[in-house]
Amino acid sequence: MSLIRLLPALALIAATGWAQAPDKDAFVEDLEHRAFLFFWERADAQTGLVLDRAKADGSAESRRIASIASTGFGLTALCIGAEHGWITREQAQARVLATLGFLAARMPREHGWYYHFVDLRTGERQWKSELSSIDTALLLAGVLTAREYFGEESEIGKLAESIYEAIDFPWMLNGDPKLLSMGWKPESGFLNDRWDRYCELMILYLQAIGSPRHAIPADSWYAWRRPHVRYEGYDYISAAPLFTHQYSHAWVDFRGRREDRGERTNWFQNSVIATEAHRAFCIDLRSKFPDYGPDAWGITASDSAKGYVAWGGPPMDPAIDGTLVPCGPGGSLMFTPDIALRALRNMRGMLDGRVYPHYGFVDAFNPLTKWIDPDAIGIDVGITLLSAENMRTGNVWRWFMRNSDIRGAMDKVGLREAPKKEK
């Protein structure tokens, strides 16, 4: 890591105490509540599956495509909602029980893995989508969070354990000794691409290494590449879009740990630095996009006026057109609460407040062209909700880290307590 940028990051961590934003902050409370409503209102009550996307203003929705990743965020959202009193614990328990019962007994799967996009009411595969290893991992993260929130010995806990134990992680290696495939299709078999370089993959590998029945080797953790990005004095490991830094951290508490091999990376600090670098990158784009600035930043995979784009930076992506993506800073609230929260407060008032309807922020908007996305996307709403909750209370980290399988996996790969000066 660059010492030029590492010291300010550590000072920020020390000042915030990791997750010490005011608990009664009215804006954050409202943002979380609106995000929770997406998962409460846009899930099927019988299957528990959650829409991939919906109209951001909460109006009537005819779409029936659910995503398993959105459902994983939704299971976690139910725990958050019960904790805040937005629904009763009994309501949350009933919805979680229905979801896990459907996943365990009726949802189509192969070797324990689930299809990426499915029908909201039947769970049947849609769009000829793949059995997705990463999306199954995000679903499982919600399943395991619910297990710990409601208790391992409860009916929910037992269903969660059966879902986890059914996932055949070695099968997804497809002959490779260490690197997992990105997925499988019944028409063509395994996808050619593997999870072989840093991105949102960390939660997948920890689940696979910690699996109680179908584990893969612990050395798989060190088999994927760790490419460095260097920008204006920042030096960090990255894959460009901010979401790649956010998803694993939404559940896994990497704070105060670093690897005991190789570069001895502290992954939480790495994501703090990546967020600061991305903000600096957006500020540097002001000459071309004057609406960007210290409190208006965030470019991560999202909708755009031209369709869905997996953009990010640095380095510069030629597709960048001045669009702002609120889940950029939203998903980084747990890393850099001060600068991320200021950005969200500022964004809320942009374009006459029309970017902040029923479910919180629209997925994306462009202040330069006045384009406003009509949709909210489940995974982007979800990462904002979980990151905000971790910033305020650390609840999601606390619940998820009760999982002995995950803690065991972290021990196996050598994610040790970092020296006090790094915490």
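The values are calculated or read from the model by the stated rules, or taken from the named source; none is laboratory data. Predicted model only: the values in this text are computed from it and were never measured. Cβ atoms come from the backbone with ideal geometry, glycine included; neighbour counts cover every protein chain shown. Accessible surface areas use protein heavy atoms only, side chains included; no ligands, DNA or RNA. Shrake-Rupley method; radii C 1.70, N 1.55, O 1.52, S 1.80 Å.
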Hey, in the GNM for the chain with a 10 angstrom Cα cutoff, which one of 411, 119, 135 fluctuates hardest?
411
Region 223-230 - phi-based ³J(HN,Hα) in whole Hz, Karplus 6.51/-1.76/1.60, Gly and Pro as x
7, 8, 6, 10, x, 8, 10, 10
Taking amide H positions as placed 1.01 Å from N in the peptide plane, with prolines and chain starts having none, which residues 5 or more places from residue 197, or on another chain, fall under 5 Å of its amide H?
225
Within a Gaussian network of the chain (alpha carbon springs, distance under 10 Å), most fluctuating of 395, 346, 266
346
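Label region 293-367 by shape, choosing from rounded, prolate and oblate, from the square roots a ≥ b ≥ c of the eigenvalues of the Cα gyration tensor; if a/c is under 1.5 it is rounded, and otherwise prolate applies when a/b is larger than b/c, oblate when it is not. Before the final figure, lay out the partial values.
Values: a/c = 1.71, a/b = 1.16, b/c = 1.47.
The shape class here is oblate.
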Excluding ligands, DNA and RNA, what is the solvent-accessible area per residue of region 124-210 at a probe of 1.4 Å, expressed in Å²?
36 Å²
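Taking a ≥ b ≥ c as the square roots of the eigenvalues of the Cα gyration tensor of region 119-228, is the shape rounded (a/c under 1.5), prolate (a/b larger than b/c) or oblate?
On the way: a/c = 1.90, a/b = 1.23, b/c = 1.54.
The shape class here is oblate.
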Can you check what the net charge comes to around residue 102, using other residues whose Cβ is under 13 Å from the Cβ of residue 102 (Lys, Arg +1; Asp, Glu -1)?
+1
How large, in percent, is the carbon and sulfur part of the accessible surface of the chain at a probe radius of 1.4 Å?
50 percent
With every atom except the alpha carbons ignored, what do you get for Rg and Dmax of region 325-409, in angstroms?
15.0, 50
Would you indicate which of [x] 18.5; [y] 23.8; [z] 21.0 is the value of mean projected area of the Cα convex hull in nm² derived from the coordinates of this structure?
[x]
Ordered by residue, what ³J(HN,Hα) values in Hz, to whole numbers, does region 287-302 give under the Karplus form 6.51 cos²θ - 1.76 cosθ + 1.60, where θ = phi - 60° and Gly and Pro are x?
5, 9, 10, x, 7, 6, x, x, 10, 8, 8, x, 10, 9, 3, 6
Mind checking which aspartates and glutamates have their C-alpha under 15 Å from residue 128, skipping anything on the same chain fewer than 8 residues away?
110, 119, 187
Sticking with the crude label model, points 7 Å out along Cα→Cβ, report the distance from residue 261 to residue 26 in nm, one decimal please.
5.2 nm
With the cut-off at 1.5 for a/c, could you classify region 57-161 from its C-alpha gyration tensor as rounded, prolate or oblate?
oblate
Can you tally the net charge around residue 53? Count Lys and Arg as +1, Asp and Glu as -1, for every other residue whose Cβ sits under 12 Å from the Cβ of residue 53.
-3
Quick one: Karplus J couplings for region 117-122, per residue in order, coefficients 6.51, -1.76, 1.60, θ = phi - 60°, nearest Hz, x for Gly and Pro?
10, 9, 6, 4, 9, 10
